[in-house]
Amino acid sequence: MSYRLQIVLVFLGPLLVLLLLALLASQIIQSRSVPAYVIRLDLPLVGATVNLPNVEGPQGPMRPLIVIDAGHGGHDPGANGSGVLEKTLTLQLAKSLRKELLEQGGFRVALTRDNDSFLVVEERFAMARKLRANLFISLHADSAGPESSLGGASVYTLSTKASSEAAARFASRENAESEVNGALLKGQDDEVSSILVELSQRHTQERSVEFAELILREGHKDIHFLNSPLRSAALRVLRAPDVPSVLYEAGFITNPADEKTLASSKGQQNVAEVLARAIRVYFIRHPVSETTGS
């Protein structure tokens, strides 16, 4: 072997070994199947246009528009009872309320989702804003530990400070709805974080609380509510600064009695009727303005 060839091998030998190792490693990685716990999702791009849902009911700017948000969905099941998933229950409740409002007449209605799909929290209230909704209702079901007998419905409005430790814990859970493997998914920047845009919308907040109180008033004979059912917390899904918004917690899916009631068609119809009555009274008090649409 010539002296020059020996010199070349001395310098290139280690590089060739590294290349072979890299090739071998890539083959091993490609041959392995993706673990079952890895979630692959098609996520909305930051700044992307939100796909707006269909608006049903009699058209016209004088007809109040209610956007109903079925919490969770897709890869996010929400709370889990004895086989009943929160995402399934909230969608059933949303459809029951839509049906009730359309049958009563006089309202326009849109659902943020009408199937088992995943939405980032910001997409949900963005739909209400883009549609210029007059009211936004997000439907959920709570959960508690296996030893807890806690049960009953509650209504949340937005605030910078939680009304109780329980409200703070609930907000922490629900705000994680747009997290995957601990990473926060955002459809837009924190423009709305400053939502509390000095509560630009003190007017909006006052209307939200008023509507929440109407739900409690209309439902006190027909629905079992928690003690101190009117609650507030920094819930991201309620951060539409110009749309009165509430989150209705239909009950505890981990409570057998609540779960049985809410999973039944009778129980869902009961919730729909109570919410529809509160909605009707709200718009009797605050008719939609022809000039502003709200």
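The values are calculated or read from the model by the stated rules, or taken from the named source; none is laboratory data. All figures in this text were calculated on a predicted structure; none of them were measured in a lab. Positions of Cβ are generated from backbone atoms using ideal geometry, with glycine treated the same way; all protein chains shown enter the neighbour counts. Surface accessibility is based on the protein's heavy atoms, side chains included, excluding ligands, DNA and RNA. Shrake-Rupley method; radii C 1.70, N 1.55, O 1.52, S 1.80 Å.
Odds and ends about this structure:
- Per-residue ³J(HN,Hα) for region 83-90, Karplus 6.51 cos²θ - 1.76 cosθ + 1.60, θ = phi - 60°, Hz, x for Gly and Pro: x, 9, 8, 4, 4, 6, 5, 5
- Accessible-area value, His286, 1.4 Å probe, nucleic acids and ligands omitted, Å²: 40
- The listed peptides 57-70, 254-267, ordered by packing as a protection proxy, come out as 57-70, 254-267 (highest mean of other Cβ atoms within 10 Å first).
- Lys99-His220 FRET efficiency (beta carbon distance; Förster radius 22 Å; 0.05 resolution): 0.40
- Residue-by-residue Karplus 3J(HN,Hα) for region 56-64, coefficients 6.51, -1.76, 1.60, Hz, glycine and proline x: 10, x, x, 8, x, x, 7, 8, x
- Whether region 51-155 is rounded, prolate or oblate, judged on the alpha carbon gyration tensor where a/c under 1.5 counts as rounded: prolate
- For Leu235, the residues whose modelled amide H falls within less than 5 Å of its own, excluding neighbours fewer than 5 places apart on the same chain, are Ser159.
- Mean Cβ neighbour count within 10 Å, used as a protection proxy, ranking 133-142, 215-224, 109-118, 89-98 highest first: 133-142, 89-98, 109-118, 215-224
- Each other residue within a Cβ distance under 15 Å of Leu214 adds +1 if Lys or Arg and -1 if Asp or Glu, for a net charge of 0.
- Residue-level accessible surface for Arg277, protein heavy atoms, 1.4 Å, Å²: 80
- Using θ = phi - 60° and Karplus 6.51 cos²θ - 1.76 cosθ + 1.60, couplings along region 128-140 (whole Hz; Gly, Pro as x): 4, 5, 5, 7, 6, 5, 9, 7, 10, 10, 9, 9, 9
- Charge sum, other residues only, whose C-beta stays under 15 Å from Ser149's C-beta, Lys/Arg counted +1 and Asp/Glu -1: -3
- Extension gain, Glu56 to Glu147, is 28.5 nm, computed as 0.36 nm per intervening residue step minus the present C-alpha separation.
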